[in-house]
Amino acid sequence: MLSRRKLVTTGVAGVFILGLAVSWFLGGLLYAPSKRKSEPLSSDLKAESIQIQSASGSVLSGWYVPAVQDDAPIVILMHGVRGCRKDMVGRAIFLHAAGYATLLFDFQAHGDSPGEHITFGYLESRDAQAVVGFARAKNPKAKVGILGVSMGGAAALLANPPLQVDAMVLESVYPDIAQAVENRVVMRLGRAGKIFTPLLTSQIRLRLGISTDQLRPIDGVAELTVPKYFFAGAEDRHTTLAEANELYAAAAEPKEFWAVEGMRHVNLHRASKQEYERRVLDFFSKTLK
């Protein structure tokens, strides 16, 4: 018969191997593409279907909604992780009504855009570069703004060189991917689940070939001198208010901050529609018009 010590050792080894297997499986789900078919736009928006070649290796599918005035500012709408351009239609409607052209698109490995892995802003930052270049070529005289949600905002901050835009609204953006992973693990498994964080973050290099240091939007935000407006849910557990304040504190001026009381990691436009639209329009009116 096996000794008690050998039984304990075997049991610990078994639990460790099981933990590795479970974390690898969960990691596969995290990085897997998120394909969602985008339905036609509502009749309120007359859109041009576009395709944009990106240095991420993807050909991005999108919609360009022109404004009534040819020289109107263009606002690029960047969706969050596992989302698609359809998620941004509500924002496009109120921006279009206020006289802005809008550009909605699917990041690589999202929606109708091909891609092998979601990279939480790394390859998506190259998509952001490509889309800004498209908007600049579409109307060289127009000012360009960005409204990026979660991963979309992270992609905007991770772009290197910095995006050539005139203003940014950054909604619920994580400062550091390692902390973002830990927050999500703790939410689902409790404090003890923190042991899975390194097992999941180590897969970033194994699966994506990049390090966690390359997924720290907080490192680039100090170099961006364009006007920035940070939105955060005051009760957000995915990206806590403390983390949002840390990102804001690291940002270069000019900058503004809005903590939406009572809100978690949700669609802040849908949750606080009137105030959200007022703040976005006031900000873009000052910075783009």
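Structure notes:
- When the range 51-74 is filtered for residues that are out of contact with any strand residue (DSSP E or B) (no Cβ under 8 Å at 6 or more places or on another chain) and surrounded by fewer than 19 Cβ atoms within 10 Å (Cβ to Cβ), the ones remaining, listed by number, are 55, 57, 68, 69, 70, 71.
- Of residues in the range 75-108 being surrounded by fewer than 24 Cβ atoms within 10 Å (Cβ to Cβ), of a type in the set (A, V, I, L, M, F, W, C) and touching a helix residue (DSSP H, G or I) at 6+ places or on another chain (Cβ under 8 Å), the one farthest from residue 166 (Cα to Cα): 81
Here is a yes/no grid of residues against (1) farther than 28 Å from residue 175 by Cβ; (2) assigned to a helix (DSSP H, G or I):
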| position | (1), (2) |
| --- | --- |
| 92 | no, yes |
| 107 | no, no |
| 112 | yes, no |
| 115 | no, no |
| 118 | no, no |
| 124 | no, yes |
| 130 | no, yes |
| 147 | no, no |
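- Summed over the range 162-217, the residues that are in a helix (DSSP H, G or I) and in contact (Cβ under 8 Å) with a residue 24 or more places away in the chain give a count of 19.
- Hey, residue 189 more than 16 Å from residue 118 (Cα to Cα) and either in contact with a Ser or Thr (Cβ under 6 Å, 6 or more places away or on another chain) or acidic (Asp, Glu) (or both) or not: no
- Of the listed requirements (1) closer than 21 Å to residue 276 by Cα; (2) of a type outside the set (A, V, I, L, M); (3) more than 10 Å from the chain's Cα centre (by Cα); (4) part of a helix (DSSP H, G or I), residue 153 misses just one: (3).
- Filter result (surrounded by 11 or more Cβ atoms within 10 Å (Cβ to Cβ), closer than 28 Å to residue 119 by Cα and modelled with pLDDT of 75 or more) within the range 7-46: 31, 32, 33, 34, 35, 36
- Complete set of residues in the range 265-289 that are modelled with pLDDT under 95 and either touching a His at 6+ places or on another chain (Cβ under 7 Å) or over 16 Å from residue 89 (Cα atoms) (or both): 265, 289
- If the condition is being in a helix (DSSP H, G or I), farther than 22 Å from residue 221 by Cβ and among the basic types (Lys, Arg), then the range 253-289 contributes 270, 273, 278.
- Selection from the range 218-252 of residues that are assigned to a loop (DSSP other than H, G, I, E, B) and either among the polar types (S, T, N, Q) or within 22 Å of residue 125 (Cα to Cα) (or both): 224, 225, 226, 227, 238, 239, 240, 251, 252
The values are calculated or read from the model by the stated rules, or taken from the named source; none is laboratory data. For clarity, every value in this text was computed on a predicted model and none was experimentally measured. So basically every Cβ, Gly included, is an ideal-geometry build from the backbone, and we count neighbours across all protein chains shown.
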